[in-house]
Structures are given as structure tokens and as C-alpha cells.
Amino acid sequence: MTSVLIRLGGLAAMVGGLMWIIKGGAILLTGQQPPVVFEAAVPLFAIGLLGLHARLDGRGGTLGKAGVLVACTALASAAIVLMTPLAVFFAVAGFGPFLSLVLLGSAALQAGAFPPPWNALPLAVGLGGPLLILVGGVLDLISERLLEIPIVLVGLAWMLLGYSVLAVKGETVQAPIRVR
């Protein structure tokens, strides 16, 4: 079951990232947003986080548990937004995955789930994603289309994160060598 969740999570994060790249690219090139692409990515990010948690293989501790709880809350909020578009659920669905990444990224660093430089990627995306989106808000003051540049970059980061969940092998701890 864990390997299925890892594969599903990695693919979901990659597809979600690709959707943000498509959305941002379409707006940059045409000024038109493709329907549903941006919104459909958010639950995929939450599923990607469940895959990241599965990669921790029980070594996530309290941070990992908190991270998966936030990811589940974001996933539920994304489902609620589809039925009732309330601002509080938009906020939890949108920023919940980044908070979850900070928690799961910290747990992944402690657990040695990924080798360097991949070990810092979840935490970097969790901290850097909201900052890039804020930069997009400033760029929006120059031109509305420029807001999409950070969205494309965050989409690329989610694709890399999904790849790391799928394909990057974890660190192996070797037993100490006995010297006689």
C-alpha cells in the first residue's frame, strides 16, 4: 500500500505542477486562463503530500504526522471549495499544502528520506512557494500577466518534488565498520 501511495503522490504532485505551468504559460502567452486547470491542481498537491509522507516510511515523527494532517485538511478544503466557494476554504486549500511541506520537509530532513540536494527540496518549496506568490503580487502591479511567472516557477518546483517522491532513492545508513 505504501508503494502505491508513493507512486500516486509523486504523479499527483507532478501533474499538479504541470497544470500550474500550463495555466501560467497560457496566461503569459494569450492572456486567457484555461478553465479549471489552476483549481484542479490544488487537490493534486495535497495527494502529492500524502505520497511524500509515505516516503518517510514511519520516520516522520510528530512533524510528519502534523504535516499529513495539514495535507488532509487542505484536501478536504479543496473538495469543499468545489461545492461552496468560501474564502476560508480557499485559503486552507491554497496555503495548506505549503505549510504541510514545511512540516513534512523538516521531517524528511530529520529522517534522511532523500540524499542531498533533494533532502532540502520539500522544505524549500514549502517556504519559497508563498514567497514567490507574494513576488507575483508585486509583479502584478507592473503587468497582470507577470503574476504568472512565479506560478510557473512554483509549478516547476512541484514537478521536481513529485519526481523526488517517485524516483530519488533515500539515503541508506550503513553499519559502522568494525576495526580489530
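The values are calculated or read from the model by the stated rules, or taken from the named source; none is laboratory data. In this text, all values refer to a predicted model and were calculated from it rather than measured experimentally. These accessible areas exclude ligands, DNA and RNA; they are computed on the full protein's heavy atoms, side chains included. Shrake-Rupley method; radii C 1.70, N 1.55, O 1.52, S 1.80 Å.
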Inset, instruction - Measure nothing but the geometry: give the 0 to 90° angle between the long axis through the Cα atoms of 148-167 and the longest principal axis through the Cα atoms of the chain, rounded to 10°. - result: 30 degrees
Legend entry - Nearest-ten-degree value, helix 37-55 long axis tilted from longest Cα axis of the chain: 10 degrees
Inset, instruction - Please report, in whole Å, how far the alpha carbons of region 103-164 spread along each principal axis, starting with the longest. - result: 42, 19, 14
Legend entry - Portion, in percent, of the accessible area of the chain that falls on carbon or sulfur, probe 1.4 Å: 73 percent
Legend entry - Principal axis dimensions, largest first and in whole angstrom, of the chain by Cα: 70, 31, 24
Legend entry - Rounded Å value of the spacing that divides the Cα centres of region 1-68 and region 124-144: 19 Å
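To two decimal places, what compactness ratio does region 1-50 give when its Cα radius of gyration is scaled by 2.2 N^0.38 Å?
That ratio works out to 1.29.
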Legend entry - 1.4 Å probe accessible area per residue over the chain, in Å²: 54 Å²
Inset, instruction - Could you bin all the Cα-Cα distances of region 1-84 into 10 Å bins starting at 0 and give me the percent of pairs in each, rounded to whole numbers? - result: 19, 40, 28, 11, 2
Inset, instruction - Would you work out the relative contact order for region 38-153, in percent, from Cα pairs under 8 angstrom that are 6 or more residues apart? - result: 23 percent
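For n ≥ 4 DSSP H runs only, could you compute -39500 (n - 2.57) per run for the chain, divide by its residues and tell me the 222 nm figure to the nearest 500?
Rounded to the nearest 500, it is -27000 deg cm²/dmol.
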